[in-house]
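Report on one structure; see the data block that follows.
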Amino acid sequence: MSADSRPRRFVIAALTVALASLIAGCVQNPNSVFHHRTDFNRDVGSLFGLLIWLGTIVFVFTEGMLVWALVKYRSRPGKAHEPEQVHGNTRLEILWTVIPAVVLAVIAVPTVQTIFKTQGAARGDALQVEVIGHQWWWEFKYPQYNVTTANELYLPIGRTVNFALHTHDVLHAFWIPALGGKRDVVNNRTNHLWFTPDSTTEDAFNGYCAEFCGVSHANMRFRAYTVTPEQFASWIAHQLTPAAFNPMPAPPAAGTPAAAAATKTSTKTAVTPVPPAGQTAPGAAAPATASLGMPMQAGFVSFAREKMPAHAVPRTPIPASIGFDTTLKGDPANGAMLVTRGTCIGCHTIQGVPGMVAETGPNLTHVGSRNTIGGGLFPNDTRHLGSWIKNARAMKPGVAMLTLGKGQYDPVLKARMSIGLTDQQVADIVAYLQALK
């Protein structure tokens, strides 16, 4: 390579990098913290912008002085190589002390103001949400309404939300980048985070755990939905109702009068059709709303799946070792018996179902209305739900849920399950859980 071509190649490479950086900076990631949808992100974004501009000014000035000195005092033919030695310059020393002090003061004042604002207490009428981090899923409680759900957070547009952050086990960090800043979830301490989603519309956002918490840290996700106040009130009212599908009582013994009566009426009994997500089941009683004191949007049960933006739709692949026949027609009544009389009863709560009061795993009362499963890792559809029931440990390393599918390889026990649920039984459980709107 000739000496003349080297500077030209360097300039071309530098311009290419600069152009690529400029283009990348113009494309805003949907999970960026620089969306101004909340007061929190606006305050942080304004502070960041100020720091960037001041940093740029200082960088350009400093590098400009450096380049000027290199050019002015470069070695030239016929001139002495040793520059003039100068000892002390009071004016210059005062100047380079005062300028950094002024720059730091300009940076420090808005920084401290932002810290005090974002770390301060939320307003008194804020919506209270208790966040509990588990390995590896999120539990959300609304103490003002006595509602508990998992992995899907509903926030009313325009209302300040105050999060009280706890952990059930190890350290976590609660983060919804497009709405608010990250806040650590630590043991033996309640941290708080608040913001107001006042500059957004009905939308779905990705949430994460941002503190390493074990083998499935990267799989500990959730969804946050911003909805209108009327939709939020309707969602709360629906969450207060018992499970939409209640298992039928055990059949009477054969040969008894009760058995004969049940036989005559069995042809008249039908399972309520499962409605699409976001709609109320046909014939279901509307929840009482007077106690909420809020206007409601009739028929709103959950955020509609078809409204979810592409970046919020989970696309985690199912391991090839798990196969589930989605053509099987499930019997929700049999699925109810399998759930309420099997191992599920030791881990989950289903409101309105006797005995289903455990809190080891997520609350399943209205799991059929959720858009995701597995800690926000998979879409809540027949294929993924059936695969999760068969072998959750293969789909998400480290989960406490047992491998339930017969013939499935358990990565923890390192053995193939000789007993367990058949695909038909899994299909029955799927049908039951999908009916829990």
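The values are calculated or read from the model by the stated rules, or taken from the named source; none is laboratory data. Because the structure is a prediction, the values reported are computed rather than measured. With ideal geometry, Cβ positions are generated from the backbone for all residues, glycine too; neighbour counts draw on all protein chains shown. Heavy atoms of the whole protein, side chains included, go into the accessibility calculation; ligands, DNA and RNA do not. Shrake-Rupley method; radii C 1.70, N 1.55, O 1.52, S 1.80 Å.
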task = Lys and Arg at +1, Asp and Glu at -1: add these up for the other residues within a Cβ distance under 10 Å of Leu171 and post the number.
result = -3
note = Filtered hits (lysines, Cα-Cα < 18 Å from Lys414, offset >= 8 within chain) -> Lys390, Lys396, Lys406
ask   = In whole Å, how far is the Cα centre of the range 390-418 from that of the range 115-140?
value = 34
inquiry  = I want to make sure I understand the PRE zone here: with the label point 7 angstrom from the Cα of Val11 toward its beta carbon, which residues in the range 50-82 have backbone N atoms less than 12 Å away?
reply    = none
query = Tell me, what is the 1.4 Å probe accessible area of Tyr145, in Å² to the nearest 10?
reply = 40
message = Using only the heavy atoms of the protein chains and a 1.4 Å probe, how would Arg74, Arg223, Arg8, Arg393 rank by accessible area, largest first?
response = Arg8, Arg74, Arg393, Arg223
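Accessible area, 1.4 Å probe, largest first: how do Lys141, Lys414, Lys329 sort?
Numbers: Lys141 55, Lys414 145, Lys329 170 Å².
I get Lys329, Lys414, Lys141, largest accessible area first.
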request  = Pull out a ≥ b ≥ c, the square roots of the eigenvalues of the alpha-carbon gyration tensor of the range 294-366, then state rounded if a/c is under 1.5, prolate if not and a/b is larger than b/c, and oblate in the remaining case.
outcome  = oblate
query = What does the charge add up to near Tyr142, with Lys and Arg as +1, Asp and Glu as -1, over the other residues with Cβ less than 14 Å from its Cβ?
reply = -1
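Within 10 Å, count the other beta carbons around each residue, average over each peptide in 196-206, 303-313, 376-386, and list them highest first.
376-386, 196-206, 303-313
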The range 294-437, accessible area per residue, ligands and nucleic acids excluded (1.4 Å, Å²) = 44
message = Quick check for you: with a 1.4 Å probe and neighbouring chains kept, what is the accessible area per residue of the range 49-183, in Å²?
response = 62
ask   = Relative contact order for the range 336-406: what is it in percent, counting Cα pairs under 8 Å that are at least 6 residues apart?
value = 16
request  = Quick one: accessible surface of Ile345, probe radius 1.4 Å, all protein chains present, in square angstrom to the nearest 10.
outcome  = 60
ask   = Net charge near Ala427, counting Lys/Arg +1 and Asp/Glu -1 over other residues with Cβ under 9 Å of its Cβ?
value = -3
ask   = What ranking of Phe174, Phe116 comes out by heavy-atom accessible area, probe 1.4 Å, highest first?
value = Phe116, Phe174
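Where nothing but the Cβ of Lys and Arg (+1) and of Asp and Glu (-1) is charged, how large is the charge dipole of the range 62-131 around its Cα centre, in debye to the nearest 20?
On the way: 7 positive and 6 negative charges, 77 e Å.
It comes to approximately 360 debye.
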task = Can you tell me how much longer the chain between Gln128 and His192 gets when fully stretched, taken as 0.36 nm per residue apart minus their C-alpha distance, in nm with one decimal?
result = 22.0 nm
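Is the range 285-410 best put as rounded, prolate or oblate by its Cα gyration tensor, with a ≥ b ≥ c the root eigenvalues, rounded for a/c under 1.5, and otherwise prolate when a/b is larger than b/c, oblate when not? Show your work: numbers first, answer last.
Numbers: a/c = 1.99, a/b = 1.37, b/c = 1.46.
The shape class here is oblate.
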